[in-house]
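The values are calculated or read from the model by the stated rules, or taken from the named source; none is laboratory data. All figures in this text were calculated on a predicted structure; none of them were measured in a lab. When we count neighbours, we look across all protein chains shown, and the Cβ atoms used for this are built from the backbone with ideal geometry, even at glycine. Just so you know, the surface numbers come from the protein's heavy atoms only, side chains and all, with ligands and any DNA or RNA stripped out. Shrake-Rupley method; radii C 1.70, N 1.55, O 1.52, S 1.80 Å.
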Amino acid sequence: MSAALISACADTLERAVSERTAIGRLTIDHPELSVADAYAVQDEICRRRIARGERVVGAKLGLTSRAKQAQMNVAEPMYGRVFSTGVHPSNEPFVVESLIHPRVEPEIVFVMGRRLAGPGVTPADVIAATDHVVCGLEIIDSRYSDFSFTAADVIADNTSEARFVLGPVALSPVGIDLGLIGLLLEVDGEQVATAAGAATMGHPAEAVAMLANWLGSRGEALEAGWTVLSGGLTAAVPLTPGSCVSATFGRLGTVSVRGV
Ligand code: OOG
Ligand code: MG
């Protein structure tokens, strides 16, 4: 795909964000959009956001659990970038209208103690390079109508990245089996899903290792201090005004967000 077309796709997605209006999939008009093209569109949008003063504070994995893959009908794991502007304070209500059609999903979040880049990164390397883990809720917002997309569409859209909320308990991952951390997801106090850390590729550190290897192959890295969202453990739930989504993760505590 030409540089002009990559730039035009970036324009279309950026307009959807600024106008808070969902668009049709890019691949309807551009069925030739490949995964590599899609990352080029994502890169272009990230470059523009950085040029406008936003700061990359980490990365996110997408579609790393069967629950998410089944919900979105996309079976391919992927990554995106997270920005300083995406941090939502845990005690503040979330204005639903600030996004197009936000959904919330529970994730285990790694905060890197040192830089990590592939090739050859293993889950044990991830644990050793991690300063601490926390639980989190990612607030995603697809720029596509009805969250309907192919892998290429959603990669171009920075994997529906919008905001995230971090939980209250920071723990070293050493000596904890993150695969066996239990999760209870509730909406307005009603149980909607349960899962364990192992829902993301057998172990959340497995997903983060894959990301470090992908980034390494591009000459990039998980940087020290970065926040890394390892992927939704359950299907995402809509965030609506007046509702409260809450995730309790064993020793990592409870994180919630209330829509207004
Ligand atoms: C794509 C984002 C996927 C995850 O954790 O699986 C994602 C989407 O579902 O809109 O962030
Ligand atoms: Mg996510």
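The helices (runs of 4 or more DSSP H) located wholly in segment 1-92 that include 2 or more residues which are within 16 Å of the chain's Cα centre (by Cα) and closer than 26 Å to GLY179 by Cβ occupy 66-72. The residues of segment 96-136 that are closer than 12 Å to ARG163 by Cα and either hydroxyl-bearing (Ser, Thr, Tyr) or within 11 Å of ligand 1 (Cβ to nearest atom) (or both), listed by number, are SER98, PRO102, ARG103, VAL104, GLU105, GLY136. Test GLY120 against the criterion of being open to solvent by 20 Å² or more (accessible area, probe 1.4 Å), at pLDDT below 95, more than 17 Å from the chain's Cα centre (by Cα) and on the phi > 0 side of the Ramachandran plot, and give yes or no. Against the criterion (open to solvent by 20 Å² or more (accessible area, probe 1.4 Å), at pLDDT below 95, more than 17 Å from the chain's Cα centre (by Cα) and on the phi > 0 side of the Ramachandran plot), GLY120 does not qualify. Residue-level check: of (1) in a strand (DSSP E or B); (2) of a type outside the set (Asp, Glu); (3) open to solvent by less than 40 Å² (accessible area, probe 1.4 Å), ARG258 misses just (3).
So, ALA247, is that one outside any strand (DSSP E or B), modelled with pLDDT of 95 or more and away from ligand 1 (no atom under 12 Å from the Cβ) or not? So ALA247 fails the test. Taking every residue in segment 1-28 that is at negative phi and pairing it with any residue that is surrounded by 18 or more Cβ atoms within 10 Å (Cβ to Cβ) and among the basic types (Lys, Arg), at least 6 positions away or on another chain, the pairs with Cβ-Cβ distances below 7 Å are LEU13/ARG143; ALA16/ARG143; VAL17/ARG143; ALA22/ARG143; ILE23/ARG143.
Which condition does VAL133 not pass, out of (1) more than 26 Å from SER7 (Cβ to Cβ); (2) touching a residue at least 12 places away in the same chain (Cβ under 8 Å); (3) outside any strand (DSSP E or B), if it passes all the others? Only one criterion in (1) more than 26 Å from SER7 (Cβ to Cβ); (2) touching a residue at least 12 places away in the same chain (Cβ under 8 Å); (3) outside any strand (DSSP E or B) is unmet by VAL133, namely (3).
Away from ligand 1 (no atom under 11 Å from the Cβ) and surrounded by 14 or more Cβ atoms within 10 Å (Cβ to Cβ): is that true of ARG49 in this structure? Against the criterion (away from ligand 1 (no atom under 11 Å from the Cβ) and surrounded by 14 or more Cβ atoms within 10 Å (Cβ to Cβ)), ARG49 qualifies. Does ASP177 fit the bill of being under 16 Å from ALA205 (Cβ atoms), more than 16 Å from ligand 2 (Cβ to nearest atom) and out of contact with any Cys (no Cβ under 8 Å at 6 or more places or on another chain)? The answer is yes for ASP177. Every listed requirement among (1) crowded, with 20+ Cβ neighbours inside 10 Å; (2) touching a Lys or Arg at 6+ places or on another chain (Cβ under 7 Å) is met by LEU171 save one, (1).
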